[in-house]
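The values are calculated or read from the model by the stated rules, or taken from the named source; none is laboratory data. Small disclaimer: the values here were computed from a predicted structure and weren't measured. Every residue, glycine among them, receives a Cβ derived from its backbone with ideal geometry; neighbour counts consider all protein chains shown.
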Amino acid sequence: LADRAHTAGGDAAEPPAAAMTPLEQAVAEVWSRALGSEVTRADADFLALGGHSLLALAVTDDLREDLGVELALADFFAAPTVAAQAALVERALLAAHSDLHPETPEHSDDH
C-alpha cells in the first residue's frame, strides 16, 4: 500500500506550471535569469536546481529591483521554493503597503 501511494504521487499528480500565481511567476523569472535555465514550477527548489549563495545574492538583488522588496539571505534559504519565496515577497509587499497606508476606521462620521 505504501508503495502504491508513493507511486500515485508521481509526476501526474503535480500541478502544471500554468498553476503558478503571478507573483510565483515573477519569482520564477528572477530565478531563471540567475540559474540560466527556465524555472517553471512553484515547487522548484533553488538549491536542487544548482543554486548557491552567490546566486542567491543575485536573486535577492533582482527581487529588490524587480519587485521592490528586501529579502534577507537567511529568509531566502529558509524559503527554498518558488512558492515559499513568493509568499515571503507577498508578506513584504503587504507590510510595505500597510506602512504607507495605515488602516483607517471602516466607518467615518467626518463626511
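Yes/no matrix, rows are residues, columns are (1) at pLDDT 95 or above; (2) not charged (D, E, K, R); (3) not in a loop (DSSP other than H, G, I, E, B):
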residue	(1), (2), (3)
30	yes, yes, yes
41	yes, no, no
47	yes, yes, no
54	yes, yes, yes
63	yes, yes, yes
Taking the stated definitions as given, is residue 50 over 15 Å from residue 26 (Cβ atoms) and either exposed (fewer than 13 other Cβ atoms within 10 Å of the Cβ) or of a type outside the set (Phe, Trp, Tyr) (or both)? yes
